[in-house]
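Working notes for the structure below.
The values are calculated or read from the model by the stated rules, or taken from the named source; none is laboratory data. No experiment lies behind these values; they were computed from the predicted model shown. Please note: Cβ atoms are built from the backbone with ideal geometry, for glycine as well, and neighbour counts cover all protein chains shown. Just so you know, the surface numbers come from the protein's heavy atoms only, side chains and all, with ligands and any DNA or RNA stripped out. Shrake-Rupley method; radii C 1.70, N 1.55, O 1.52, S 1.80 Å.
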Amino acid sequence: MKTLSKVMGGHVLLTLFTLSMLCSGVRAQLSPDIYAKSCPNLVQIVRKQVMIALKAEIRMAASLIRLHFHDCFVNGCDASILLDGSDSEKLAIPNVNSARGFEVIDTIKAAVENACPGVVSCADILTLAARDSVFLSGGPQWRVALGRKDGLVANQSSANNLPSPFEPLDAIIAKFLAVGLNVTDVVSLSGAHTFGQAKCAVFSNRLFNFTGAGTPDATLETVLLSDLRTVCPAGGNGNQTAPLDRNSTDAFDNNYFKNLLQGKGLLSSDQILFSSDLAVNTTKRLVEAYSQSQYLFFRDFTCSMIRMGGITNLVNGSSGEVRKNCRVINN
């Protein structure tokens with residue numbers, strides 16, 4: 001696959017020693033080596049399946065990392081987003097007809113179960129798949145701490161309260177703080193919008209009547225505004241998509257932050273990191289720093305992913321299980 005092979009050369013490898021110096025907040029119960037004996041080829045199995053998925057559809061990289069985000073912000077990183085049922089998080093407003101990649105996780109789980117039955121949790125598989133999606137798209141690599149258990153229940157009501165592209169910056173920051181993440185995490189993790197697509201329904205409010213006075217969002221660059229109005233005309237199909245980063249749609253890099261400096265953030269929740277009044281004393285300087293240094297972005301993004309991956313109430317010795325099927329709890 002041309003796009004995948006092109007970006008593979010641009011990755012940055014961050015060693016476990018480096019991360020131990022840089023990152024904090026990782027739960028001690030998790031370890032990169034927990035499956036060293038019980039499933040020694042786990043990392044290779046997951047990466048192979050993610051590569052296959054990305055060769056079939058490069059956009060799947062962004063979809064898999066989004067699944068991981070939406071999982072960790074609800075009940076911690078416990079694979080609750082993968083559960084089917086009437087209270088499924090898949091049916092929550094931020095996820096319904098939007099979250100995708102469930103079949104890819106099913107395929108990875110089947111491959112892992114074939115090699116190591118009943119050993120590796122769906123939560124750990126999802127975390128590894130998110131890491132590989134970043135790395136295979138040109139982003140950094142890091143060793144993933146493992147040992148999560150799969151939750152026994154979904155939480156649709158909490159999933160309805162995920163950080164929203166329509167919220168002001170203070171509300172988004174508050175939701176990150178509520179799960180133990182900080183302002184740096186808000187900005188660095190938002191950088192995942194450097195690849196993937198978004199539906200017109202989540203940004204078309206910026207194009208025509210953003211203020212209620214019939215005018216567009218004044219922070220949106222005019223050429224991009226014109227182009228987006230063509231893609232997402234008033235009264236058009238809200239399921240139509242546009243790239244979150246038009247400069248390098250499928251590559252994981254720091255172009256997202258360069259876009260924000262030019263008023264080219266697609267979502268309102270993207271652009272407010274640079275353009276809102278609150279950003280001046282909270283997020284703007286980080287946006288500027290990441291726009292100037294891809295290394296700095298990759299370093300902070302890695303630490304934020306590790307911290308987010310530690311949001312969990314379910315680790316070895318506590319309630320939870322290793323699901324045989326990621327969509328249902330064990331009998």
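Would you tally the residues in the range 256-276 being surrounded by 21 or more Cβ atoms within 10 Å (Cβ to Cβ) and either modelled with pLDDT under 95 or in a helix (DSSP H, G or I) (or both)?
Result for the range 256-276: 12.
Residue under question is residue 29, and the condition is that it be modelled with pLDDT under 95 and open to solvent by 30 Å² or more (accessible area, probe 1.4 Å); does it hold?
Yes; evaluated as a whole, the condition is true for this residue.
Report, by residue number, each residue of the range 102-126 that is touching a residue at least 12 places away in the same chain (Cβ under 8 Å), open to solvent by 10 Å² or more (accessible area, probe 1.4 Å) and in a helix (DSSP H, G or I).
102, 104, 106, 107, 111, 113, 115
What residue, among those in the range 48-74 that are within 13 Å of the chain's Cα centre (by Cα) and assigned to a loop (DSSP other than H, G, I, E, B), is farthest from residue 99 (Cα to Cα)?
Here the answer is 73.
Could you tell me which of the residues 285, 307, 327, 323 is among the basic types (Lys, Arg), surrounded by fewer than 16 Cβ atoms within 10 Å (Cβ to Cβ) and either modelled with pLDDT of 95 or more or more than 24 Å from residue 177 (Cβ to Cβ) (or both)?
285
Check the range 219-226 and report whether any residue there is among the acidic types (Asp, Glu) and open to solvent by 50 Å² or more (accessible area, probe 1.4 Å).
No, the range 219-226 contains no residue that is among the acidic types (Asp, Glu) and open to solvent by 50 Å² or more (accessible area, probe 1.4 Å).
Quick one: what pairs do we get from the range 224-247, first residue closer than 13 Å to residue 197 by Cα, second polar (S, T, N, Q) and assigned to a loop (DSSP other than H, G, I, E, B), C-beta under 7 Å, 6+ apart or different chains?
231/240; 243/249
List every residue pair whose Cβ atoms sit under 9 Å apart, with the two residues 6 or more apart in sequence or on different chains, where the first one lies in the range 178-191 and is under 15 Å from residue 282 (Cβ atoms) and without any contact (Cβ under 8 Å) to a residue 60 or more places away in the chain and the second, anywhere, is assigned to a helix (DSSP H, G or I) and of a type in the set (A, V, I, L, M).
182/173
What do you reckon, is residue 251 open to solvent by less than 10 Å² (accessible area, probe 1.4 Å) and touching a helix residue (DSSP H, G or I) at 6+ places or on another chain (Cβ under 8 Å)?
Judged against the criteria, residue 251 is not a match.
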